[in-house]
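The structure appears below as structure tokens.
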Amino acid sequence: MIEVKHLTKRYGTHTAVSDLSFQIEKGQIYGLLGPNGAGKSTTMNILTGCLAASEGTVTVGGHDIFEEAAQAKKLIGYLPERPPLYLDRTPMEYLTFVGQAKGLGKDELDRQLGQVMGATQITGVAHRLIKNLSKGYQQRVGIAQALLGSPKIIILDEPTVGLDPKQIIEIRDLIRTLGKDHTVILSSHILSEVQAVCQTILILSKGRLVACDTPENLEKRFAGTTSVELVAEAAEWEVCQILEPLEHITGLDVRVGDGGLCSVFLETDGAQELCREVFFAFSRAERALLHMSTAQTSLEDIFLELTGESPRLQDEREEAVP
């Protein structure tokens, strides 16, 4: 549906988007994920033809977004981060205006108004002023205007920003429903937001694409490490002596506590049998192992690593400063 090749956007000496290349396939929900300032909104504005690129190409349904803008834009429904609402109009008045601006005839407009208001569940507030609606309902009105014209692609920029937890759940459910009939792209800097509804995740960092895959595949690709935490009734030297012969340990941190206890943090290469070996090693040494737990690399860890936001990477950068 969308093909992006070597997309770059510069503002003077600042590069907001750098050499992006990716494809959006039909019938999926995509998440554009990244920290604030990663280039998500700039990318979406270019994909929708609202902003010119410095370099690169974007084709939508085979149409160049810059050379064949009219044909390409007919395939796209767009909700910017700030919904373009007329607060002194009712949803019915506003959506009628948007439909007319999109060139819909009266009969087709009447039909689509009923469809989009029903899909976004705003029929009950159709004749109330938009300024008197809750933020959640205003967001629904914004999504409704994106649906007018029957676009094949729906692009949503930060669709749940500023909503309360109940409204967030409602918008997530709406996005899942839209994904049954449309290709959906949504941007967010909130990991749980993207993970909850998206089938494919594109991660941006400092204007560059650093990953593009399903949540499951991302976790598999980066799940090469497992951390193990344990508490043992032993001296520090005994803990080191017990663990030294064991394989698959890539990092070891021992901290002495009160009452002859040691807290131990292990980094491993992901071997599943290590916990069993640790247990029997302490047993053979006749030292009590009071607690042991494991933690697999999470999607949140992956996001922080790829975007350079992890505390560990920040500590390394600080140590490198003379």
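The values are calculated or read from the model by the stated rules, or taken from the named source; none is laboratory data. As the structure is a prediction and not an experimental result, all values here were calculated from the model. Glycine also receives a Cβ, built like all others from the backbone with ideal geometry; neighbour counts cover every protein chain displayed. With ligands, DNA and RNA removed, areas are computed over all heavy atoms of the protein, side chains included. Shrake-Rupley method; radii C 1.70, N 1.55, O 1.52, S 1.80 Å.
Values computed for the structure shown
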read-out	value
Number of positions in segment 60-86 that are within 24 Å of Ile175 (Cα to Cα), open to solvent by 10 Å² or more (accessible area, probe 1.4 Å), without any contact (Cβ under 8 Å) to a residue 60 or more places away in the chain and outside any loop (DSSP other than H, G, I, E, B)	1
Residue tally, condition over 18 Å from His6 (Cβ atoms) and open to solvent by less than 40 Å² (accessible area, probe 1.4 Å), over segment 45-59	1
Residues within segment 103-142 that are open to solvent by 90 Å² or more (accessible area, probe 1.4 Å), closer than 23 Å to Lys152 by Cβ and in contact (Cβ under 8 Å) with a residue 24 or more places away in the chain, tallied	2
Ile29 being at pLDDT 95 or above and under 23 Å from Gly207 (Cβ atoms)	no
Hey, Ala16 surrounded by fewer than 14 Cβ atoms within 10 Å (Cβ to Cβ), touching a helix residue (DSSP H, G or I) at 6+ places or on another chain (Cβ under 8 Å) and farther than 21 Å from Gly179 by Cβ or not	no
Conditions (1) closer than 21 Å to His189 by Cα; (2) surrounded by fewer than 20 Cβ atoms within 10 Å (Cβ to Cβ): number failed by Tyr11	(1)
Residue tally, condition open to solvent by 40 Å² or more (accessible area, probe 1.4 Å) and either without any contact (Cβ under 8 Å) to a residue 12 or more places away in the chain or assigned to a helix (DSSP H, G or I) (or both), over segment 88-102	5
Residue within segment 59-75 that is over 20 Å from Lys206 (Cα atoms) and touching a Pro at 6+ places or on another chain (Cβ under 6 Å) present	yes
